[in-house]
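Novice: Pasting a structure below so you can have a look.
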Amino acid sequence: MRQSKYHIIPKAILILGSCFLSISGYSQGLQTYIDEAITNSPEIEKFDFQYKIVSEKVNEVNSLPNTEFNVGVMAIKPEMEMPMDRFKVSVMQMLPWFGTISARQDYASSIAEAQYVEVTIAKRKLALSVSQFYYLLYEIRSKQEVLDKNIALLQTYEKLALTSVEVGKASAVDVLRLQIRQNELQQEKDVLIQQNKGIQAAMNSLLNRDFDKIVTVVSPMEIPEDDNFYSYETLSVNPELLKYDKLYESVEQSELLNQKENGPMIGFGVEYINQENSPMITSSFKDMVMPMFSVSIPIFNKKYKSQSRQNELRKQEIQSQKEERLNSLKADLSKAISQRNQSRIKFNTLGKNLKQAEDAEEILIKNYETGTIDFNDVLDIQELQLKFQMSQIESIKLYYEQSSIINYLID
């Protein structure tokens, strides 16, 4: 792998602009919840602390080996006429080879940058989860509104049926059928109410607040006429891929550090020897001060050669991991674009069908004015209208849900 494939990405690109999930004006309310989730999330806080810990490693490695102090005192004096040492004091400081400390700092910084990408990924995934819950709440609540309108419509039909029964143009069975249908729709609404509570509680959990707090959803939503064009090249800015670039860079820095640590270490020191008085010493300078210099050479450096080989294999592994993840992201992007296009096709077709169902309903109402109405047809048309309306809501939800996934992948 060539270094040119792993260019350095400015940190500003990695900072989460949560507006990456904003889709038209409908997501203004969603944006507020995304910001709140990121601010309050214990998971994001955990990743932030991990990043700070790794960043602090830069200061940790900016240090020299321990300074060695040695003190020796003569405990038992032998019977000798020669002058004896009373005590010795020495100090020695070992220094790594030139550039080793800066190499350690560069390696620690590269690890911190890789951890920073993990923070960014966590924020984006949280934003995506909030968006998915948001659009699911939109679907549930929009369906509730549709059910309320259809229940009200059936109640109007029920009044018409009662009037027709009185004049002998309809039977009580028609009234009962309309009432049964109302009961069914009310049941669907009650189920949606419970679903709303569950999804709202789940979203509040992501926001780290009370589970029963109200979540406001912008409604209604529409599918825009046109979409932006996306290519696989846009995936290159996805943090999940940038993570491998940063890991690759950290391995390269690890190898540079390995080469530096393979060099010798040098030491400087001084030793002071205090001697007792002796007739044999004629000089006035009986004590000794001895400067010291030492060199530590890694003659048996098999360890460093092995580390270099490991680093090379690690870079190849990272390359394979990145290619594997890129293929997976391409598949996810293709799937999301396809499903979003499907939702647009379904939405447009459903709009046509709904218009025709409304025309059929209008014909039935006109027939009632002329004195003839078949309430079985009324129920059939009502069921068709409800089916189309519900499916349209599902298509809108699917469109925005897939748009969130697309923006997660490419922005």
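Novice: Roughly how many nanometres apart are two label points built 7 Å out from the Cα toward the Cβ at Asn348 and Asn262?
Specialist: 6.3 nm
Novice: Hey, another quick one. Tell me which residues come under 5 Å, amide H to amide H, from Arg86 once H is placed; ignore anything under 5 positions away on its chain.
Specialist: Placed amide hydrogens put Asn274, Gln275, Glu276 under 5 Å from Arg86.
Novice: Still on this model: Full-extension gain between Asp148 and Ile365, please, as 0.36 nm times their residue separation minus the C-alpha to C-alpha distance.
Specialist: Gain in length upon complete extension: 76.1 nm.
Novice: Multiply the residue gap between Gln339 and Asp411 by 0.36 nm, knock off their C-alpha separation, and tell me the result in nm, one decimal place.
Specialist: Separation in residues times 0.36 nm, less the Cα-Cα distance, equals 24.0 nm.
Novice: Report Rg (one decimal) and Dmax (nearest whole number) for the range 267-411, counting Cα atoms only, units Å.
Specialist: Both quantities, over Cα of the range 267-411: 43.2, 144 Å.
Novice: Residue-wise, which Karplus ³J(HN,Hα) couplings in Hz belong to the range 49-64, taking 6.51 cos²θ - 1.76 cosθ + 1.60, θ = phi - 60°, and x for glycine or proline?
Specialist: The phi angles translate into 5, 4, 5, 5, 4, 5, 5, 5, 4, 4, 6, 5, 7, 7, 8, 9 Hz.
Novice: Now, a different point. For Asp380 and Glu271, calculate 0.36 nm times their separation in residues minus their Cα-Cα distance, and state this gained length in nm to one decimal.
Specialist: Gain on stretching Asp380 to Glu271: 28.8 nm.
Novice: Can you find, among Leu153, Ser171, Met203, the residue farthest towards the positive end of the dipole of the range 130-277? Put +1 on the C-beta of Lys and Arg, -1 on that of Asp and Glu.
Specialist: Going by the Cα projections, it comes out as Ser171.
Novice: Kindly give Rg over Rh for the chain, based on alpha-carbon atoms, with the Kirkwood expression for the hydrodynamic radius.
Specialist: My calculation puts Rg/Rh at 1.34.
Novice: Let me check I've understood the local charge: for Thr234, count other residues with C-beta under 12 angstrom from its C-beta, Lys and Arg +1, Asp and Glu -1. What total comes out?
Specialist: Net of charged neighbours comes to -1.
Novice: Assign one of three labels to the range 97-252, namely rounded, prolate or oblate, based on the Cα gyration tensor with a ≥ b ≥ c the square roots of its eigenvalues; rounded applies when a/c is under 1.5, prolate when it is not and a/b is larger than b/c, and oblate otherwise.
Specialist: prolate
Novice: A further question on this structure: What is the Cα radius of gyration of the range 189-275 over 2.2 N^0.38 Å, N being its residue count?
Specialist: 2.52
Novice: Okay, next question. Setting aside same-chain residues fewer than 8 positions from Lys366, which aspartates and glutamates have a Cα under 15 Å from its Cα?
Specialist: Glu358, Asp374, Asp377
Novice: Starting from the Cα of Asn301, step 7 Å toward the Cβ, then list every residue of the range 92-110 with an amide N under 18 Å from that point.
Specialist: The answer is 95-104.
Novice: Please quote Rg/Rh for the range 293-365 to two decimal places, taking the Kirkwood radius as Rh and restricting both calculations to Cα atoms.
Specialist: With Rg and the Kirkwood Rh in hand, the quotient comes to 1.70.
Novice: Mind counting lysine pairs for me in the range 220-357? Cα separation below 19 Å, and the two need to be 8 or more apart along the chain or on different chains.
Specialist: Close lysine pairs found across the range 220-357: 13.
Novice: Using the Cα gyration tensor of the range 226-337, with a ≥ b ≥ c the square roots of its eigenvalues, what is the shape: rounded (a/c below 1.5), prolate (a/b larger than b/c) or oblate (neither)?
Specialist: prolate
Just so you know, all these numbers are worked out from the coordinates, no wet-lab data involved. In this text the structure is predicted, and so the values were computed from the model without any measurement. Note: ideal-geometry Cβ built from the backbone for every residue, glycine included; neighbour counts use all protein chains shown.
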